[in-house]
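Written out below as structure tokens is the structure these notes cover.
The values are calculated or read from the model by the stated rules, or taken from the named source; none is laboratory data. From a predicted model like this one, the values you see are computed outputs, not experimental measurements. All Cβ positions, glycine included, derive from the backbone under ideal geometry; neighbour counts span all protein chains shown. All accessible areas refer to the heavy atoms of the entire protein, side chains included, with ligands and DNA or RNA removed. Shrake-Rupley method; radii C 1.70, N 1.55, O 1.52, S 1.80 Å.
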Amino acid sequence: MFALKQQKQPVVAFSGEQGPFDLTYYLKGALAGGICCAVTHGALCPVDVVKTRIQLEPQVYNKGMVDGFKKVIANEGVGALATGLGPTVVGYFVQGWFKFGGVEFFKINLTSMMGKEKAWDNRVPIYLGAAAMAEFIADIFLCPLEATRIRLVGNPEYASGLITAFPKIIKDDGVIKGFYSGFAPILFKQIPYTMAKFAVQGVAAEQICNVTGIDLQSPTTGGGTKMAVSLTSGVIAGVAAAIISHPADTLLSLVNKPGAGGNGSILSRLTNLAVETGFVKLCLTGLGPRCVMIGSLTAGQFGIFDIVMEATGAKKFHFEDPNEGETH
């Protein structure tokens, strides 16, 4: 007697209302990510200049954000607030391309592997895993541009801009030391930041919809309502991500300063800087401006991302509740 083999049921990941999630979709997601990160980081460049000065020279810039703006303008002129704008825009366009595009790619493919029900039950771990993988890839490209930005902000006379600073850094320090001294802290900063950013935003948007009764997938839900959810959840996510990643952000600013932390390995330099600075200062120095910056920046990113995706005709992926037929 022969036992009949049961055929394995196919994994159902999406309803017929979603997709197709093909190369075109991922390219649209990457483009939207690049634009939203470049625009928001570029617009907040003056805030980032002052924040970085507070981190690099706390003995000079020690009376808060507004006083920091006044000192930079008084000492160097208004133009100093745009220091590092070139590497900021280019670096964060590249980073946003891989980060947002990567999150969409990994999120969709993890959901496809798990199936609709399991993905719904594990949507927060999927957010976290997709964000971590995408950010690691993005940081490989971001790190040289971030190192250049910090070098220019810390010493505006070092070079006139991105194009002249790049070869000078290579000549002075070499590729690895010049551009990747901050790779460990940038990973330490950006990966937890991005994990918190996408997971908190996803959960916050879901809770906002649950409390208010908003259905983001309903054709009757207006664009203004969708934008309000994106912006509100983005602010919440940005503040949470800023607090989590701030100690590493401070270390990243310090380690790119010439001679900071001694002449040993990157790990020993980071350790020296952490000991010299102290845990409390690492967590709190410049935190207020960073919360303002990252809160508004993250809200803007999710808002612009949605606008660009809609403009390109891409319908965003969303997790589906298999029990209630609700989507988020």
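Applying a threshold of 7 Å to beta carbon distances and a minimum spacing of six or more residues, or different chains, the list of pairs starting in the stretch 46-67 at a residue that is of a type in the set (Lys, Arg) and ending at one that is not in a helix (DSSP H, G or I) reads LYS51/GLY286; ARG53/TYR61. Looking only at the stretch 211-227, count how many residues are of a type outside the set (Gly, Ala, Ser) and free of Cβ contacts under 8 Å to residues at least 60 places away in the same chain. Residues that pass the stated criteria total 7. Of the residues making up the stretch 192-212, those that are out of contact with any Leu (no Cβ under 8 Å at 6 or more places or on another chain), surrounded by fewer than 21 Cβ atoms within 10 Å (Cβ to Cβ) and hydrophobic (A, V, I, L, M, F, W, C) are VAL203, ALA204, ILE208, VAL211.
Return the residue satisfying two criteria in turn: it lies in the stretch 138-169 and is assigned to a helix (DSSP H, G or I) and among the hydroxyl-bearing types (Ser, Thr, Tyr), and of such residues it is nearest to PHE98 (Cα to Cα).
First pass over the stretch 138-169, keeping only residues assigned to a helix (DSSP H, G or I): 138-154, 162-169.
If we keep only those that are among the hydroxyl-bearing types (Ser, Thr, Tyr) too, we end up with 148, 164.
Details: THR148: 20, THR164: 26 Å.
In this case the residue turns out to be THR148.
Counting residues in the stretch 304-312 that are of a type outside the set (Gly, Ala, Ser), in contact (Cβ under 8 Å) with a residue 24 or more places away in the chain, within 17 Å of LEU56 (Cα to Cα) and surrounded by fewer than 18 Cβ atoms within 10 Å (Cβ to Cβ) gives zero.
Restricting the first member to the stretch 271-297 and to residues that are closer than 19 Å to ASN62 by Cα, and the second to residues that are loosely packed, with under 15 Cβ neighbours inside 10 Å, the beta-carbon pairs closer than 6 Å and six or more apart or on different chains are THR285/PRO58. Filtering the stretch 241-268 to residues that are more than 26 Å from LYS99 (Cβ to Cβ) and either modelled with pLDDT of 85 or more or open to solvent by less than 20 Å² (accessible area, probe 1.4 Å) (or both) leaves ALA260, GLY261. In this structure, THR83 does not qualify as touching a Cys at 6+ places or on another chain (Cβ under 7 Å) and either of a type in the set (A, V, I, L, M, F, W, C) or within 30 Å of GLY264 (Cα to Cα) (or both).
With the requirement that a residue be over 20 Å from the mean Cα position of the chain (by Cα) and outside any helix (DSSP H, G or I), what does the stretch 286-317 give you? Reasoning before the result, please.
In the first step, residues of the stretch 286-317 are kept if they are over 20 Å from the mean Cα position of the chain (by Cα); the result is 310-315.
Passing the criteria: THR312, GLY313, ALA314, LYS315.
Put simply, of GLY91, GLY129, GLY86 the only residue that is more than 25 Å from ASP321 (Cβ to Cβ) and open to solvent by 10 Å² or more (accessible area, probe 1.4 Å) is GLY86. Checked against the criterion of being among the aliphatic types (A, V, I, L, M), within 30 Å of GLY86 (Cα to Cα) and without any contact (Cβ under 8 Å) to a residue 60 or more places away in the chain, the candidates ALA165, ALA159 yield just one match: ALA159. Checking ALA131, ALA119 one by one, the residue that is in contact (Cβ under 8 Å) with a residue 40 or more places away in the chain, under 13 Å from the mean Cα position of the chain (by Cα) and over 30 Å from GLY259 (Cβ atoms) is ALA131 and no other.
What residue, of LYS99, LYS28, is modelled with pLDDT of 90 or more and open to solvent by less than 20 Å² (accessible area, probe 1.4 Å)? Can you show your working first?
On the way: LYS28 fails: open to solvent by less than 20 Å² (accessible area, probe 1.4 Å).
That would be LYS99, the only listed residue that is modelled with pLDDT of 90 or more and open to solvent by less than 20 Å² (accessible area, probe 1.4 Å).
Every test in (1) hydroxyl-bearing (Ser, Thr, Tyr); (2) in contact with a Lys or Arg (Cβ under 9 Å, 6 or more places away or on another chain); (3) crowded, with 18+ Cβ neighbours inside 10 Å is passed by TYR158 save one, and that test is (3). Would it be correct to say that GLN190 is in contact with a strand residue (DSSP E or B) (Cβ under 8 Å, 6 or more places away or on another chain) and modelled with pLDDT under 90? In short, no.
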